[in-house]
Structures are given as C-alpha cells and as structure tokens.
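Derivation of every value follows stated rules applied to the coordinates shown; laboratory data play no part. Bear in mind that the values here come from a model prediction, so they are computed numbers and not experimental data. Note: ideal-geometry Cβ built from the backbone for every residue, glycine included; neighbour counts use all protein chains shown.
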Amino acid sequence: MRFVIALFTAGLLIHLVEAQTPPADQIPINTPYVATPPEVVDAMLDLAKVSARDTIFDLGCGDGRIVIEAAAKYGARGVGIDLNPDRIEEARANAAKAGVADLVRFEAKDLFDADISDATVVALYLLPEANLRLRSRLTTELKPGTRIVSHSFDMGDWKPDQQKLFGGAHLYLWTVHPK
C-alpha cells in the first residue's frame, strides 16, 4: 500500500511541476546589458542602410544609443524597448541631451511583447536564444523589405543577406521577404 501511495504522490508532484512550467517560448531570457561600442553602432546603421525614411526598433535598447545615433545621424525615427526601467530613463535623458527626443521614444516592456510592426529596421544585440525565439515574430509581424541587423549573434540556420566583421564584432543583416 505504501508503494501505491508513493507512486500516486510522485505522479501528482510531476503533474504539478509540469502544470507550473511555462511553454519554452514564454520562459524569460535574461540578456545582460552590454553597451555596443559607438563605432559598431555606426557600422550596424551603415550595414542596414538606415535613412530618414526609416523607423528603427532596438530590441533590448539599453541606454538607447542605436536609435539615438540613427536619429542624430540620419534623421530616422526610433523606438527603443528594454525591460529595465532605469535603462529607459537613461535612454530618454540621452535622447534629450542629443537633441533627438522628438524623433525617438523608449518603452519599458518585454521585447517579446512589444508591437514591432512599424519597424523598417530592427536592431539586435541579444543572446542567441533570444534571437532564435524572435525569428517567427520577425517574419510574421514585419513588412517585406524590413532589415534586421544583429551585433555578434546570428539567427541559427537563417542565412544572412550580408555579414561583416568590424573591429572584432560580427554583424549580420537579413531582409524580410514577402510571405
């Protein structure tokens, strides 16, 4: 009888653990904040051929430097998304200091929940598992012709349209194709 009770209890515990474990696409990915060097920011914007007609989204924007530089150098509009509200406040202050606060906005939210459909360029400096988790959203939510530029990390088996080694940093570029 003890054996039956032990089996029942073990089965119940396994069921409870499985019921509380979120699906893989909902498990948080903690990407540490590492600032992109200014020369790499410029190389990313150049690789993506950013212009004043663009709206660049930086997913995991940190201090906002990529969208701020896109606005300052090219007149592009920008949206920075970061989970950390302190980084968002820093980004807003940096945009004001650079004189581009009217061209950019920053949102404190999970990049996996952000509406990215208005982007014409998406900038990424995320860990590989975050890039892989974003792939389906990038192809389903972005318009054809949208450019995706990534610092350091690729998208698994997605072949980039271009890649560049710049000062030791690998940069990747993909273009969203018609569905």
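As a size descriptor, the averaged projected area of the C-alpha convex hull of the stretch 26-175 was calculated at 7.9 nm². Provide Rg over Rh for the stretch 94-179; use the alpha carbon set for both Rg and the Kirkwood Rh (inverse mean inverse pair distance). Expressed as Rg/Rh, it is 0.99. Per residue, the average separation of C-alpha pairs within less than 8 Å and at least 6 apart gives the stretch 26-175 a relative contact order of 22 percent.
Descending by average beta-carbon neighbour count within 10 Å, the peptides 161-169, 134-142 line up as 134-142, 161-169, the highest first. Could you please report the charge total around Asp161, scoring K, R as +1 and D, E as -1 over all other residues with beta-carbon less than 13 angstrom from its beta-carbon? Around Asp161, the charge tally is +3. With neighbours defined as other Cβ atoms within 10 Å of a residue's Cβ, the residues Ser150, Ser51 order from fewest to most as Ser51, Ser150.
How do Arg77, Arg133 line up, fewest other C-beta atoms within 10 Å first?
Fewest to most other Cβ atoms nearby, the residues stand as Arg133, Arg77.
Going from the fewest other Cβ atoms within 10 Å to the most, the residues Tyr172, Tyr74, Tyr125, Tyr33 appear in the order Tyr33, Tyr74, Tyr172, Tyr125.
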